[in-house]
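The block underneath contains the structure these notes are about, expressed in C-alpha cells.
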Amino acid sequence: MRGRATISPMNAVVHKFGGVALANAEAIRHAVAIVAGNETRGVAVVVSAMGGVTDTLLDITALASDGKRGAAKRAVAALRERHVAAANALIFEPELLDGILAIIDRELDELTTLASRRPSAALSDRIVARGERLSAHLMTGAFAASGIRAEFVDATRLIHASGSHGNATPVIPRSMSAIRKALTPLMRRGVIPVVPGFIAKGKDGAIVTLGRGGSDLTATLLGRAFDASTVTLWKDVAGVLTADPRVVRDARLIPRVHIREAAELAYYGAKVLHPRALLGLGDDTRLFIKPLADPDAPGTEISATRDRTAEKRFPVRAITTIGAQAIVTISGDGMVGVPGIAARAFDALQSVGISVALISQASSEHSICLAVPGDVARDAERALRDSFAQQLALGEVEAIDVRPNAAILAVVGLGMAGTIGVAARLFEAIAATKTSVIAIAQGASELNISVVVDERNAARVQRAVHDAFRLSKIGGGSAEMSSRADVVILGFGRIGRELAAQIATAKEARGPRGARVVAVIDSAGYVFDQRGLSPRRLASLRSSKESGIALADQRGGVRATGQEALDYVAQHALSRPILVDVTAGDTSAILEAALRVGMDIVLANKRPLASPTGKKQAGGLARSAAKRGRRLLHEATVGAGLPIIDTIKKLQESGDEILSIEGCPSGTLGYLFGELGRGASFSAALRAAMSAGYTEPDPREDLSGMDVARKALILGRLLGFQGELDAVQVESLVPEAFRGMPVTEFIDRLEEMDALWADRVTKAREANTVLRYRATASAANVHVGLVGVTLGSSFAALTGTDNQFAITTARYRSNPIVITGPGAGVAVTAAGVLNDVLKLAGSR
Ligand code: ADP
Ligand code: ASP
Ligand code: MG
C-alpha cells in the first residue's frame, strides 16, 4: 500500500506556537527544530503573531485614528524591521528570501493605507490579521530552510465564524469540513500546513478574529477536525500554573488539569489558555501546554480524567483574577420578590454586547451586583438605566451605581465540591490581608468561588489565598522552567562559604542540569531568595560573614533556628531541592525534616552518619532517605574531596566484597605529625593547622580522635559494621585535664602539652618509626589510635594534609587499592561537596 488513504485519526498532531514563543528568529528556529525532531506526516502547525505584534498593530490603528501619523509611521517601520531581520536570519535561499521580503512589504504597505481609514471593528480585524499571517509565512520559510516541506495555508480558508468582529465564534461543522478538505491532502503527503491562528472568515466574507489569545482555539479546532492524538500549545510558561507567576512567585506547575477546571481558569482570566479553546477539543485528543524552552518537560496535560486523590489534597487547584472590572449595583426595595430583574439586566447588557463575568444577588433580593469590564462600565450603566427606566421612575429600583477598579478573584478546583471549609479558608485568608470583599459568587457546581475586591489589593489577596490553600505544594515543580537544582546550604562557616563561591562560579552549575543557591543558613538565622541568590549577593554575604556579621544581621537576613529556617524554605516551591549540611553539629532532626519535605541531602558533616542508629536517629538517615526515595551523598565526610565513598560503593556494586579499610583519614593530624617530625612544637603546629582551616572548629574534635572515629565508623558502616560510635575503640590525644574546658581556654594552654609531644616524637624516631593516627574498619571491628609506622611503609610517606586509604577486598586481597591525596582543607572539602551536589543535580 502506498501511503495512507486518510490521515489515521490517532496520528494527527497539532503544534501551536504562541507569540512569546515566537519572539525572534532564534525562537522560530527552535520551534522548527521541535517539529522537525519527530515524524512530520500528519502534523499541522498553528502560529500566533510574533510576541507583542498584535498589540503594536492595535496601537498603530489607535495612533493613526488620533492623527498621530508620525508615531504611527515609526511603529510600522519598526514592525517591518523586526520581520525583515527575522527573515534574513532564518532564510538563506535568495529566491525564498525575496518571496518572504515581498510579502512583508506588501502586508506593511497595506497596513499604512488601512491605518489611515476611519477606525472600525472590522478594520481593526483586517489590520491585526497580518500579525499572524506574517509569522506563518516566516515559519513556513524557516521550515523550508531546514529542508522540511511546509505550506502556508490561510486560516480564512479553514475557520468560518459568526459573531462580532474582535470576538467571533467558530461555526464548528463548516469549519471542520473546510479544514479536512484543505489540509488532509497536504498532511497525507507529509507537507506541514502552517496556519495563522486567531483569524477566521466571518459571515459576510470579511476577516474576523477569535478574541485575544485566539490562536489556542485555532489549534484545538484543527485537532478536532483530525481527531488528533495530541495538540500541544507551546508557550513561555512551564504549563498551567497554580496562579499567574508574574503575581505569585510561588506558583507551581499543575501536572494535570481537568478540562472543566481549565475552562473555568481560562474564563476567569488565566491568560495561559483562550477561554473557548476547549470548545474545539475532541474526546480522544490529549491537550498539552508545554514550555518551548524545555521541550522534554512534561508540561500540563488537560484531560477529562479525574484524579480524586489530588482533588482531596488540593480542593482548590488554582487561582486566577480578572482585573479592570467595574461592579454595577442595581438596588431598591421594590425589587424584592419581583421576578425577572436579573434576566432583564442580562438582556440589557447583552443588547449592547457587554458580557457579564459575575453576578451576585443577596437573598434579600434588595440588590444585584454585576461585574462588567471597566472600559464599558458607562455603556453598561446607560443600557441598564434605559431598560429599568420605568422602575427607576416608580422608585422600585432606587439606584444603579458603578464602582470602578475592581478585580474578580476566582479559586478553582473540582475537589471543592463537598469539601467543607473551603469558603471559610478563603475568607480568612482575605481578611488577614485587611481587604474587604465587595461581592461573592459561588456557582452551584462548586467548581469556583469568585470574590470581588479592590483592584489595588488583588495581588496581595492572590498571594495570601495561594498560601492558604498551600498551592505551592502541588507536585509539578516550580513554575520556573530552569531545571537547575535549588541548593540550601546549612552552615555558613568556611566550607559553606567556599561552597557558595564554588557553586556561583562552576560552569556546570550554570548549565540546565546545574545548581544554584537559594538559601544560606548559619547558627543565628538565614537568608533566602526563591529566585536564587545571585553570585554578587553570595559574595557580599560571604564577605560580611567573614567580618563577623551573622546572616540574620545582614540585608534580607532573618533570625531563626536551623529548623525554623528549613521550615520556612520548605514552604516554597523549589526545584529539585538539595540540602547541604556543612555544619559540624548534630543536625539529625533537621535532616530528617528535609527528607520529609522532599529534599535530597549532601553531607560534609559527619555527625549525622555517626550518631546512634536507634529509631528515628540519624545513623538511620541513610535508611530514612532510602525509604523516602531521596538520595543521600556524603563523599566529603571521609577524605574530603577524595573519591573514597564512591570507590567503596562502586566496588560493592560490582560484586566485590570489601574486607577491611585502613587509613589515615585525618588531614589535620597528618599535618600535625608532619610538622612535629620536622621539629615544630605541638602548640605552634596546631595553631598553624587551625589558621589554615585544617581543624574542626574545636581542635579537640581532631585530637580526641573523635573526628577520625566518626570517619572510621562511617566507613565501617559501609562494610556492615553494626555498632554505634561508643563501640569504636578510640585513643584520645587530649590529656584528661584538658577535656572539659572551653575551647578558648584550651587554645590558650596549648603550650602545656609541648613537652609531652616532644617526648613522643623522640621515642618514635628512636624506634625508626613515624607517628600516625590510623583508622581500621571492617564489618566486625572499628578502631582508631596513635601508631608508629615503619619508615618504609606507604603511610610513613604521607605528607602535609594528605590522606591515605588502603582498601582490601576479596579481589584485591594481597595488594590493596590505595588512594592517596589531599584530605583536608576548605577548598578540597568544598570541591567534594560540590561534586556531590552536581551529581544530584544531574550534570555529573
Ligand atoms: P501564548 O504565547 O501561547 O499566547 P500566553 O501569553 O497567552 O501564551 O499565555 C502564557 C502566559 O499566561 C504566561 O506568560 C503567564 O504569565 C500567563 N498566565 C496567567 N495565569 C497563568 C497560569 N495560571 N498558568 C500559567 N500561565 C499563566
Ligand atoms: N496574536 C493574538 C493575540 O495576541 C492571538 C494569539 O496570540 O493567540 O491575542
Ligand atoms: Mg495566548
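General observations
- Ellipsoid fit via the Cα gyration tensor, segment 350-405: semi-axes of 19, 15, 10 Å, each the root of five times an eigenvalue, largest first.
- Farthest toward positive dipole pole in the chain [+1 Lys/Arg, -1 Asp/Glu at C-beta], among Val338, Leu834, Ile34: Ile34
- About the centre of its Cα atoms, the chain shows a dipole size close to 1860 debye [charges on the beta carbon of Lys, Arg (+1) and Asp, Glu (-1) only; nearest 20 debye].
- With Cα atoms as the point set, the radius of gyration and Dmax of segment 410-466 evaluate to 11.0, 32 Å.
- Considering helices alone, the calculated mean residue ellipticity of the chain at 222 nm is -12000 deg cm²/dmol, with DSSP H runs of length four and up weighted by -39500 (n - 2.57) and normalised per residue.
- Debye, to nearest 20: dipole size of segment 30-95, +1 on Lys, Arg Cβ, -1 on Asp, Glu Cβ: 300 debye
- Nearest-ten-degree value, helix 535-546 long axis tilted from longest Cα axis of the chain: 40 degrees
- Per-peptide packing, taken as the mean over residues of other Cβ atoms within 10 Å, places 392-399, 121-128, 225-232 in the sequence 225-232, 121-128, 392-399 from highest down.
- Divided by 2.2 N^0.38 Å, where N counts the residues, the Cα radius of gyration of segment 631-713 comes to 1.29.
- Put the Cα centre of segment 377-398 next to the Cα centre of segment 302-341 and the gap is 25 Å.
- Rounded to whole numbers, the Karplus 3J(HN,Hα) couplings from phi for segment 815-820 are 10, x, 6, 10, 10, 10 Hz, using 6.51 cos²θ - 1.76 cosθ + 1.60 with θ = phi - 60°, and x at Gly and Pro.
- Per residue, the convex hull spanned by the Cα atoms of segment 362-480 measures out at 142 cubic angstrom.
- Radius of gyration and maximum dimension Dmax of segment 170-218, Cα, Å: 11.9, 34
- Full extension of the segment from Asp105 to Glu398, taken as 0.36 nm per residue of separation minus the current Cα-Cα distance, would add 99.7 nm.
- Cβ-based charge dipole, segment 80-150, positive-most Cα from Leu138, Pro119, Pro94: Pro119
- By average C-beta atoms within 10 angstrom, highest first, the peptides 266-278, 83-95: 266-278, 83-95
- What the Kirkwood sum gives for segment 768-827 is a hydrodynamic radius of 12.9 Å, with every pair of different alpha carbons counted.
- Between segment 45-75 and segment 244-294, the alpha-carbon centres lie 28 Å apart.
- Packing-based ranking of 499-510, 133-144, 756-767 yields 133-144, 499-510, 756-767, ordered from highest to lowest mean Cβ neighbour count within 10 Å.
- Along each principal axis, taking the top coordinate minus the bottom one, the Cα set of segment 134-194 gives 40, 24, 10 Å in descending order.
- Contact order relative to length of segment 542-614, as percent, for alpha carbon pairs under 8 angstrom and 6 or more apart: 26 percent
- Take every Cα pair under 8 Å whose residues are at least 6 apart in sequence, average their separation, divide by the length of the chain, and the relative contact order is 9 percent.
- Principal axis extents of the C-alpha atoms in segment 1-155 (largest first, rounded to whole Å): 63, 32, 24.
- 10 Å binning of all Cα-Cα separations within segment 799-844, expressed as whole percents from 0 upward: 24, 31, 35, 10
- Here the ratio of the Cα radius of gyration of the chain to 2.2 N^0.38 Å is 1.23.
- Counted over segment 89-167 with a bin width of 10 Å, the fraction of Cα pairs per bin, in whole percents, is 16, 41, 30, 12, 1.
- For segment 475-566, the square roots a ≥ b ≥ c of the C-alpha gyration tensor eigenvalues yield an a/c of 1.5 or more together with a/b not exceeding b/c, which makes the shape oblate.
- Once you divide the Cα radius of gyration of segment 324-376 by 2.2 N^0.38 Å, the number left is 1.12.
- Leading residue at positive end of dipole, segment 226-290 (Cβ point charges), from Leu287, Ser229, Pro255: Pro255
Any read-out appearing in this document is the output of simple, stated calculations on the displayed coordinates, not a laboratory observation. Everything numeric here is computed off the predicted structure, so don't read it as measured data. As a convention, Cβ positions derive from the backbone with ideal geometry for all residues, glycine included, and neighbour counts pool all protein chains shown.
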